[in-house]
Amino acid sequence: MAKIRVYTSFSFLLDTFDVSLRSKYPDDHLHLITFRDHPKMVFERIRREVAEEGHSADVLIAPHWMVMNLQLGGYLRSYESPELAGYRPEYYDAKAGWCGMALSPVGMAYNTQRVKGADIPNGLWDLVGGKWKNRLAVHEIVDNKEGQMGLTYLTVLREIMGEVRWTDFVRSIFLSKPATYDCMPEMALNISLGNSDVGFPATSSCVAYYTEMQQRDVAHRMPKDVPYLMTFAPTIAILKHGEDPKWAERAFDYGISEDWEAKVESFGGKIPMRTGMANPASIPPDVKLFPTLDHARKIPQTRDAVIRIRDSVAPGAQQVHVTTR
């Protein structure tokens, strides 16, 4: 019996991946051992298992920031998949053992009933200028209990804006007294419920679930005052400490195959990455992909800078943290 361990934070995707992989190898009795949770929980489980047991998952399907952190920690292994020939060089790293499975634009979200017409924000600075004070939502940028997209996004903005302008931007976030959420889809949900009017960062994929599946009052919008930013959502990677290298490679190959890429758009807010499978207009020529490995290296320093800025703001301007836990 073949066994493969697949860990992911994209739980809605995992069942389809399981069934599809079995269909690819119908003559094998394949047993998928899975673990699904928020990204930080998956990340910590991998680190703990490697430290305590010497092995962990064979394959990971996760946000790109998490894959970059695992690469920095030495948890991935190289693999030259034959399927990589169908991808642009910037979409994968064979030496590190990862490849993007889908692209998702990263921008803002707003409530379509409460925010209309000229009030719809055109850029990130529109969100923090005071108009949305007490009505702004952000993905948690300090504690990062469940994910790290908020802090990763700020790390990229720091590079784009420059230190002085970025410092003013972060200070303006805290002065806006935002509600913060550990989970980005939870942030999108609360915007749709009217608990906040606007928020960021928001991937088109996290908003699409509420617009396409639940027809809620929330929409995604790309800011015009920064470059067009996209992330890989998700990325597939092979872990160095897996127990079945052969099936890890088969699962990796399938995860970036033409058959799987044809399913990507059905998950909502995701753009196929395999050459020729996406509408060319959906990927602007000047798109900026993030995070890079260099961004991942800078995330801890960005967090320290964010904390310093937060602490420099009057206590009455601190954010209100919201959690359902």
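For the criterion of being open to solvent by less than 60 Å² (accessible area, probe 1.4 Å), farther than 24 Å from residue 222 by Cα and either in contact with a Ser or Thr (Cβ under 9 Å, 6 or more places away or on another chain) or among the polar types (S, T, N, Q) (or both), residue 74 fails. For the structure I just gave you, tell me whether residue 152 is in a helix (DSSP H, G or I), touching a Ser or Thr at 6+ places or on another chain (Cβ under 9 Å) and at pLDDT below 95. Against the criterion (in a helix (DSSP H, G or I), touching a Ser or Thr at 6+ places or on another chain (Cβ under 9 Å) and at pLDDT below 95), residue 152 does not qualify. So if I check each of 98, 132, which one is over 24 Å from residue 65 (Cα atoms) and either of a type outside the set (S, T, N, Q) or more than 17 Å from the chain's Cα centre (by Cα) (or both)? Of 98, 132, the one residue that is over 24 Å from residue 65 (Cα atoms) and either of a type outside the set (S, T, N, Q) or more than 17 Å from the chain's Cα centre (by Cα) (or both) is 132. From the list 50, 59, 67, the one residue that fits, being touching a residue at least 60 places away in the same chain (Cβ under 8 Å), open to solvent by 10 Å² or more (accessible area, probe 1.4 Å), farther than 25 Å from residue 169 by Cβ and β-branched (Val, Ile, Thr), is 50.
If you go through region 178-188 one residue at a time, do you hit one that is among the small types (Gly, Ala, Ser), surrounded by fewer than 24 Cβ atoms within 10 Å (Cβ to Cβ) and more than 26 Å from residue 10 (Cα to Cα)? The answer is no; no qualifying residue exists. Checked against the criteria, residue 104 counts as within 19 Å of residue 273 (Cβ to Cβ), of a type in the set (S, T, N, Q) and open to solvent by less than 50 Å² (accessible area, probe 1.4 Å). Using the structure shown, decide if residue 201 is in a loop (DSSP other than H, G, I, E, B) and surrounded by 21 or more Cβ atoms within 10 Å (Cβ to Cβ). Against the criterion (in a loop (DSSP other than H, G, I, E, B) and surrounded by 21 or more Cβ atoms within 10 Å (Cβ to Cβ)), residue 201 does not qualify. State all residues of region 158-206 that are over 14 Å from the mean Cα position of the chain (by Cα) and charged (D, E, K, R); if no residue qualifies, say none. Answer for region 158-206, where residues must be over 14 Å from the mean Cα position of the chain (by Cα) and charged (D, E, K, R): 158, 159, 163, 165, 168, 171, 177, 197.
Of the helices (runs of 4 or more DSSP H) lying entirely inside region 225-325, the ones with 3 or more residues being small (Gly, Ala, Ser), under 22 Å from residue 39 (Cβ atoms) and modelled with pLDDT of 95 or more are found at 245-255.
Note on region 77-101: among residues that are open to solvent by 10 Å² or more (accessible area, probe 1.4 Å) and assigned to a strand (DSSP E or B), the one that is farthest from residue 210 (Cα to Cα) is 93.
The values are calculated or read from the model by the stated rules, or taken from the named source; none is laboratory data. Source: prediction; values computed, not measured. Note: ideal-geometry Cβ built from the backbone for every residue, glycine included; neighbour counts use all protein chains shown. What goes into the accessible areas is simple: the full protein's heavy atoms, side chains included, and nothing from ligands, DNA or RNA. Shrake-Rupley method; radii C 1.70, N 1.55, O 1.52, S 1.80 Å.
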